[in-house]
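Engineer: Dumping the structure here so I can ask a few things about it.
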Protein chains: 4
Amino acid sequence: MKIGILTGGGDCPGLNAVIRAVVRKGIFHYNDQFVGFLEGWRGVQENMMRPLDMEAVAGILPRGGTILRSSRTNPAKKERGLEQCIENLNNNGIEALVVLGGDDTQSVSQKLFEGGVKVVAVPKTIDNDLSGTDFCFGFDTAVMIATEAIDRVHTTAEAHNRVIVVEVMGRDSGWIAIYSGIAGGADVILIPERPFDIDDVADVLKHRHDRGRFFSVVVVAEGAKMARGTGSGSLVTETDQVDDFGHVRLGGIGNMLAREIEQRTGFETRAVVLGHIQRGGSPTAFDRMLATRYGVGAIDLVHEGKFGNMVVLRGNAIQSIPIIEAISKTSYVSQELIDVALSLQDRRGEERGGLKAAPHQR
Amino acid sequence: MKIGILTGGGDCPGLNAVIRAVVRKGIFHYNDQFVGFLEGWRGVQENMMRPLDMEAVAGILPRGGTILRSSRTNPAKKERGLEQCIENLNNNGIEALVVLGGDDTQSVSQKLFEGGVKVVAVPKTIDNDLSGTDFCFGFDTAVMIATEAIDRVHTTAEAHNRVIVVEVMGRDSGWIAIYSGIAGGADVILIPERPFDIDDVADVLKHRHDRGRFFSVVVVAEGAKMARGTGSGSLVTETDQVDDFGHVRLGGIGNMLAREIEQRTGFETRAVVLGHIQRGGSPTAFDRMLATRYGVGAIDLVHEGKFGNMVVLRGNAIQSIPIIEAISKTSYVSQELIDVALSLQDRRGEERGGLKAAPHQR
Amino acid sequence: MKIGILTGGGDCPGLNAVIRAVVRKGIFHYNDQFVGFLEGWRGVQENMMRPLDMEAVAGILPRGGTILRSSRTNPAKKERGLEQCIENLNNNGIEALVVLGGDDTQSVSQKLFEGGVKVVAVPKTIDNDLSGTDFCFGFDTAVMIATEAIDRVHTTAEAHNRVIVVEVMGRDSGWIAIYSGIAGGADVILIPERPFDIDDVADVLKHRHDRGRFFSVVVVAEGAKMARGTGSGSLVTETDQVDDFGHVRLGGIGNMLAREIEQRTGFETRAVVLGHIQRGGSPTAFDRMLATRYGVGAIDLVHEGKFGNMVVLRGNAIQSIPIIEAISKTSYVSQELIDVALSLQDRRGEERGGLKAAPHQR
Amino acid sequence: MKIGILTGGGDCPGLNAVIRAVVRKGIFHYNDQFVGFLEGWRGVQENMMRPLDMEAVAGILPRGGTILRSSRTNPAKKERGLEQCIENLNNNGIEALVVLGGDDTQSVSQKLFEGGVKVVAVPKTIDNDLSGTDFCFGFDTAVMIATEAIDRVHTTAEAHNRVIVVEVMGRDSGWIAIYSGIAGGADVILIPERPFDIDDVADVLKHRHDRGRFFSVVVVAEGAKMARGTGSGSLVTETDQVDDFGHVRLGGIGNMLAREIEQRTGFETRAVVLGHIQRGGSPTAFDRMLATRYGVGAIDLVHEGKFGNMVVLRGNAIQSIPIIEAISKTSYVSQELIDVALSLQDRRGEERGGLKAAPHQR
């Protein structure tokens, strides 16, 4: 078969490992031919492509980014965009399409599938919040980078009796924050799933200080929000600022939180915003394995004729579900993990009336 | 409650993270008191212990090894060993025991449990071959270290047109080999589950060479074996050598394999034996999270009165099973992973009559 | 002898390695006794101290931060501060003092030395800009972390056809920027030593784009400045904002530069501000070696009676100079390194009239 | 100019960084054209080459190995080998040659230079033992890898009350051993420069054990030797075994030493042989910087007409010396570093009559 591949949306460590697995198994076992469309759906719409043979995928397993580049182009939002895609696929003799991407990218896959295109999907979200799959590649790498950063700031926080706030990725869900926060031994973890009370955060830190621990580390997901009717009000206004500059917001949650904590506790507080380093570089072994299994699973789906489906990880098994199920809802941090985070936190303050509730338990 | 903790058998990155989680949740939520027995069962038998308070577990989350040290002492193999343990536990007022260890260590837990001791178990095996749980902490760290080593030897193998054999841990099962082999893009992976034919290995490497890839990386588990009746008889004799020196055998499988490959292919071949660096150092974020969840699960089991049980990971959930179920059999590499490894391998040689079967498919 | 040790100013990977070397050689070879003053000069002024024996320094070699903690307390700025220090040193029977710190900390060392205290100094500046010594420990670690971050953003910049600006430490000098920029293959490097013209920066990036390289990485030292009379006046105003929040400025140079580049080139541009992760965590082997040599050198100076001196690295030799020489001026990036950075940059644009000068050559 | 480049001898992290710097500065500043000869001198002798343009060197800065591959082919040892090289260089219009290599490779450079070829040399030795230059690229990376391994075995040695012997590279000189040993906090360091007495080694370890430190780490260079007339005699015989298999000797010094230590002390002892992982993978920032400076220096030498010279690092300056000076003798570990290592070792045993001399001071 002649098969197209593309990568859409934000890049993720492991995309190249998926591409390599699809191409190797396709060539070795199914005698397929491959074409890579460049820059996501833009490549399909504008006929930008390159052949993908064994040579093209040699040595790419450990590399971050994507050799096909990516973009957020969405043909469904352009007039005749989808028709254009279908025409180009036909003109190029593409018999099936393997699409690596998240919600937005796969919504196009679904529409093209409904339009008759033979599409197979591979889930991609560094935030790990795509419903239907337990883990996405790239997530473990992001957690590793965030955990290393938390390890690093621990020593400097301790040396200076400081609070350090580490802002990690996670717009709608707190997977990276809760994983790296627990793995890094953070004292407070704030996630979008649980709007926080800034006064409670300050109380936890003061309580810890009273116990003789003069430094603290706070991990906050970029999408964490303050509960309405709590704290200083002014903070709410600031978080509502529209971010007209992109992913790393000027005056994002991390810096604001540091300021508010310093005001409320009097402890010297600093913020670190990890930003783009979380999504670059070589994937972890875990992510390379997961990406490879997804790639093998995807090319198998093609040859089993299971179009309109997405490979997913359930427990330890690679399975498949209809694309439409995957893109319908967000996956949130489980209650068990939230409980684990709370378990490790000193809540004895409650009895003393100091701490009314753990900060992310609201 | 007054609770004892011990770590037995070979050390694993994540032991300290388990200890910390048990102690923190125990103190914060259950008002427990903790005693650490030193050097595994030896500490129980010889009354070697230290108090474990908040201070004792501060800062140990990212550290390899175990603050309680370990040993392979097995009281069941000494006269009155078990009775001695029970007496000491009683004399010290220990109401429950949390035991971190593998097969051998937990067989003692089971016997003490049958003798009336309130024991809860946490699985530990860096080889990941303990039945009943999907993953053990330490495994991901070992895979990460092995994968980094494979990445490193790739560049030097390529620079010199060499074959490099990397020997990784795995006496009875090939989990580390298959994970690091797939993640590192190894050309051949040899695991204990599938005795190999040395001539087939040589054929795969020669076939790859014929395709213009002048270097190769072979990953072999320390316990991999050659199928009887294949290859050069002499190798069988050598692998049968009793290893009287311990884990890193003089003249182990890695060095032998390198010699045999060089003889059969004429390609310059070198071996690297990773040995003890695979089990030391700071655990990965994945392992710290898993270890922390095990620790929280174990102290919960104690307070739920579920003695004689072991915390396990099933899919993504922390559950528990009777200790006796866990220690009865070994967990082997799944067929799906073996298929993934084979998927990525060039098997087109078969049609040419060169390669009768992929090397680990026997 | 009874000897005091303290660490002042911002923390640096390697401080613990120095402390360990001083204490080990002192105890093993000179039969010294050690006291650690806590939180820099504050500990001397307020009599906060702890004994430093072999046990206290065991295992600290690979750890970031400082077991003595640090502060920016300057007794010379408090009434009777210096007298207080001298009294406390005398009352505690301290015969000599080993001081680890930068300009500000060592200016107190110098004053106390002039007041009769037997002081020996160890240079410390993560920015590597202390005159008199070729390298300070901590610098190599900071460069390593910055280079890893640059490696990571490279793959994501390439995947998305983006410009990514990485802001690294360096208030007065560009050592970290030039080292990590060259090591990470940055396309533009901006340092405090050479005020830049924002239009030139944009031209370099556009020129690179014209050559078919659709992504770029810009490394900027936090203290880099725009030349007066160039670019968009507004930027000058913004950089002039007083930073009332501390080291990681809201709206620092990195974010501003990203905005200005995007405006001028139309290329999607993002910023990453590394901040505190550059000074935390385990020191590199290079820094541990340098710190250990400094520690050995410092305790030797004490026993040679060379007070008022600082250990320094000249070429590959550990030597000593009067403290007063070291604190008098800043060390700037050498012309050779600036030339190396320029060497690797495509300047052929000049002939085409596009690029009048390399951006940091003004 | 039309310039050839080649890399000879064992590979080293940083070779690609040198190639990139030579080519970039050559193209951007001197308008040169480049050809890469493959597999060292073999490529020159057998006319194996590839063009080196900007595209060829894009993205290679952080990569280990060498894009030109390497070999130990020495044309001077083949009949008419040198003549053949000169003919091929002339036939291909090569006006100058930049040669990256160590002693053996550069001895050919010198002979060709004497035969009229315009050669410029870049030093390469991962062991750091090339006379004339203070540091070679690749060395810092090897030290980093060895130090990480020592860090890792520390935690497992401590958990099990073990001695662990780490064998690192260094045939004739102990640079890697002394650097990684000091940086990793090894308890004994054995280098080729100082033949050791095995009984002294055992005494140091027993003395440490008596002080209550139940684990130890020994770092040994692969070329370390036992002093004649000391120890068990049998060891001498074994170390004399000819290694017919290459770099990682079966039964090398590491494993033997472990066995001898266990016999003499009764402490459980294990060996780890790092081998080829020390020379692979991405170079450290330090090595990338040094390699880049060498590359820039080399192409400058070409255009200054300083043929027959090698770029070297003296203190912090890139300079040049005649090739013939560089290849005439080995550089050994300095007395200062040996003293630093001894400084940190507990020698108080001497007074007790136990330890007559530190182990590597014989």
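The values are calculated or read from the model by the stated rules, or taken from the named source; none is laboratory data. Treat the numbers as computed from the prediction; the structure is a model and nothing was measured. Note that we place each Cβ from the backbone using ideal geometry, even for glycine, and neighbour counts take in every protein chain shown.
Engineer: Could you tell me whether any residue of segment D:307-320 is under 23 Å from D:Gly4 (Cβ atoms), of a type in the set (Phe, Trp, Tyr) and in contact (Cβ under 8 Å) with a residue 12 or more places away in the chain?
Structural biologist: Scanning segment D:307-320, I find at least one residue that is under 23 Å from D:Gly4 (Cβ atoms), of a type in the set (Phe, Trp, Tyr) and in contact (Cβ under 8 Å) with a residue 12 or more places away in the chain, so the answer is yes.
Engineer: Among the residues of segment C:137-177, which ones are farther than 21 Å from C:Val333 by Cα, in contact with a strand residue (DSSP E or B) (Cβ under 8 Å, 6 or more places away or on another chain) and hydroxyl-bearing (Ser, Thr, Tyr)?
Structural biologist: Scanning segment C:137-177 gives a single hit, C:Thr156.
Engineer: Kindly list the number of the only condition in (1) crowded, with 24+ Cβ neighbours inside 10 Å; (2) modelled with pLDDT under 95 that fails for B:Phe28.
Structural biologist: Checking B:Phe28 against (1) crowded, with 24+ Cβ neighbours inside 10 Å; (2) modelled with pLDDT under 95, the one that fails is (1).
Quick grid of which residues meet (1) facing another protein chain (nearest Cβ under 7 Å); (2) touching a helix residue (DSSP H, G or I) at 6+ places or on another chain (Cβ under 7 Å):
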position: D:Thr265; (1), (2): no, yes
position: D:His276; (1), (2): yes, yes
position: D:Pro283; (1), (2): no, yes
position: D:Leu301; (1), (2): no, no
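Engineer: Just checking, does segment A:43-61 include any residue being of a type in the set (A, V, I, L, M, F, W, C), touching a strand residue (DSSP E or B) at 6+ places or on another chain (Cβ under 6 Å) and part of a helix (DSSP H, G or I)?
Structural biologist: Yes, there is a match, as at least one residue in segment A:43-61 is of a type in the set (A, V, I, L, M, F, W, C), touching a strand residue (DSSP E or B) at 6+ places or on another chain (Cβ under 6 Å) and part of a helix (DSSP H, G or I).
Engineer: Can you tell me which of (1) assigned to a loop (DSSP other than H, G, I, E, B); (2) surrounded by fewer than 24 Cβ atoms within 10 Å (Cβ to Cβ); (3) out of contact with any Gly (no Cβ under 8 Å at 6 or more places or on another chain); (4) within 12 Å of chain C (Cβ to nearest Cβ) is the one A:Arg72 doesn't meet?
Structural biologist: Of (1) assigned to a loop (DSSP other than H, G, I, E, B); (2) surrounded by fewer than 24 Cβ atoms within 10 Å (Cβ to Cβ); (3) out of contact with any Gly (no Cβ under 8 Å at 6 or more places or on another chain); (4) within 12 Å of chain C (Cβ to nearest Cβ), only one is false for A:Arg72: (3).
Engineer: While we're looking at this one, here's another question. Has segment C:112-121 got at least one residue that is more than 22 Å from C:Arg69 (Cα to Cα) and in a helix (DSSP H, G or I)?
Structural biologist: yes
Engineer: If you don't mind, there's one more thing I want to ask. In segment C:228-242, is there at least one residue being within 15 Å of C:Ala186 (Cα to Cα), in contact with a helix residue (DSSP H, G or I) (Cβ under 8 Å, 6 or more places away or on another chain) and at pLDDT 50 or above?
Structural biologist: no
Engineer: Another question about this same structure. When you check C:Phe214 against the structure, is it part of a loop (DSSP other than H, G, I, E, B) and farther than 30 Å from C:Pro322 by Cβ, yes or no?
Structural biologist: In short, yes.
Engineer: Something else now. Restricting to segment D:319-349, what's the tally of residues that are surrounded by fewer than 19 Cβ atoms within 10 Å (Cβ to Cβ), under 20 Å from D:Thr125 (Cβ atoms) and either touching a strand residue (DSSP E or B) at 6+ places or on another chain (Cβ under 7 Å) or of a type in the set (Lys, Arg) (or both)?
Structural biologist: Final tally of qualifying residues: 4.
Engineer: Looking only at segment D:15-32, count how many residues are more than 9 Å from chain C (Cβ to nearest Cβ), of a type in the set (Val, Ile, Thr) and over 13 Å from D:Leu100 (Cα atoms).
Structural biologist: The total comes to 1.
Engineer: Taking the stated definitions as given, is A:Ser180 within 14 Å of chain C (Cβ to nearest Cβ) and touching a strand residue (DSSP E or B) at 6+ places or on another chain (Cβ under 8 Å)?
Structural biologist: yes
Engineer: Is it true that A:Ala58 is among the aliphatic types (A, V, I, L, M), away from chain C (no Cβ under 12 Å) and surrounded by fewer than 17 Cβ atoms within 10 Å (Cβ to Cβ)?
Structural biologist: yes
Engineer: Looking only at segment D:131-173, which residues are more than 7 Å from every other protein chain (Cβ to nearest Cβ), acidic (Asp, Glu) and part of a loop (DSSP other than H, G, I, E, B)?
Structural biologist: Scanning segment D:131-173 gives a single hit, D:Asp172.
Engineer: Which of (1) assigned to a helix (DSSP H, G or I); (2) within 18 Å of the chain's Cα centre (by Cα) is the odd one out, the single condition B:Val108 does not satisfy?
Structural biologist: It fails just one condition, (2).
Engineer: Here is a further query. Given the condition within 20 Å of the chain's Cα centre (by Cα) and among the β-branched types (Val, Ile, Thr), answer yes or no: does some residue in segment D:10-18 qualify?
Structural biologist: yes
Engineer: Could you check segment C:125-162 and list, in sequence order, the residues that are among the β-branched types (Val, Ile, Thr) and more than 22 Å from the chain's Cα centre (by Cα)?
Structural biologist: Selection gives C:Val153, C:Thr155, C:Thr156.
Engineer: Name, by its number, the condition in (1) basic (Lys, Arg); (2) touching a helix residue (DSSP H, G or I) at 6+ places or on another chain (Cβ under 6 Å); (3) surrounded by fewer than 23 Cβ atoms within 10 Å (Cβ to Cβ) that does not hold for D:Arg152.
Structural biologist: It is condition (3) that D:Arg152 fails.
Engineer: Now for a different question. Against the conditions (1) outside any helix (DSSP H, G or I); (2) within 14 Å of chain B (Cβ to nearest Cβ); (3) closer than 30 Å to B:Gly281 by Cβ, where does D:Leu100 fall short? Just the number, please.
Structural biologist: The single condition D:Leu100 does not satisfy is (3).
Engineer: Identify, from the list B:Ile3, B:Ile19, the residue that is part of a helix (DSSP H, G or I) and touching a Gly at 6+ places or on another chain (Cβ under 8 Å).
Structural biologist: Unique residue meeting the criteria: B:Ile19.
Engineer: Residue check: is C:Thr125 out of contact with any strand residue (DSSP E or B) (no Cβ under 8 Å at 6 or more places or on another chain), of a type in the set (Ser, Thr, Tyr) and assigned by TED's automatic domain parsing to the domain that holds C:Phe267?
Structural biologist: No.
Engineer: Oh, and also: Could you list, ordered by first residue, the pairs with Cβ atoms under 8 Å in which the first is in segment C:214-238 and not assigned by TED's automatic domain parsing to the domain that holds C:Asn161 and the second is at pLDDT 50 or above, at least 6 apart or interchain?
Structural biologist: none
Engineer: Turning to a different aspect of this structure: Taking D:Val44 and the conditions (1) crowded, with 22+ Cβ neighbours inside 10 Å; (2) over 22 Å from D:Leu290 (Cβ atoms); (3) out of contact with any Cys (no Cβ under 6 Å at 6 or more places or on another chain), which numbered condition does it fall short on, given that it satisfies the others?
Structural biologist: Just one mismatch for D:Val44, condition (3).
Engineer: Shifting gears a bit: How many residues are more than 20 Å from the chain's Cα centre (by Cα) and either touching a residue at least 12 places away in the same chain (Cβ under 8 Å) or buried (at least 24 other Cβ atoms within 10 Å of the Cβ) (or both) if we restrict to segment B:285-304?
Structural biologist: Final tally of qualifying residues: 8.
Engineer: For segment B:332-350, name all the residues that are modelled with pLDDT under 90 and either more than 9 Å from chain A (Cβ to nearest Cβ) or under 20 Å from B:Gly223 (Cα atoms) (or both).
Structural biologist: Selection gives B:Gly349, B:Glu350.
Engineer: Determine whether A:Lys78 is out of contact with any Phe, Trp or Tyr (no Cβ under 9 Å at 6 or more places or on another chain), surrounded by 24 or more Cβ atoms within 10 Å (Cβ to Cβ) and more than 11 Å from chain C (Cβ to nearest Cβ).
Structural biologist: no
Engineer: So, in segment B:95-111, of the ones that are crowded, with 24+ Cβ neighbours inside 10 Å and among the hydrophobic types (A, V, I, L, M, F, W, C), which residue ends up farthest from B:Ile299 (Cα to Cα)?
Structural biologist: So, considering only residues that are crowded, with 24+ Cβ neighbours inside 10 Å and among the hydrophobic types (A, V, I, L, M, F, W, C), the one farthest from B:Ile299 (Cα to Cα) is B:Val108.
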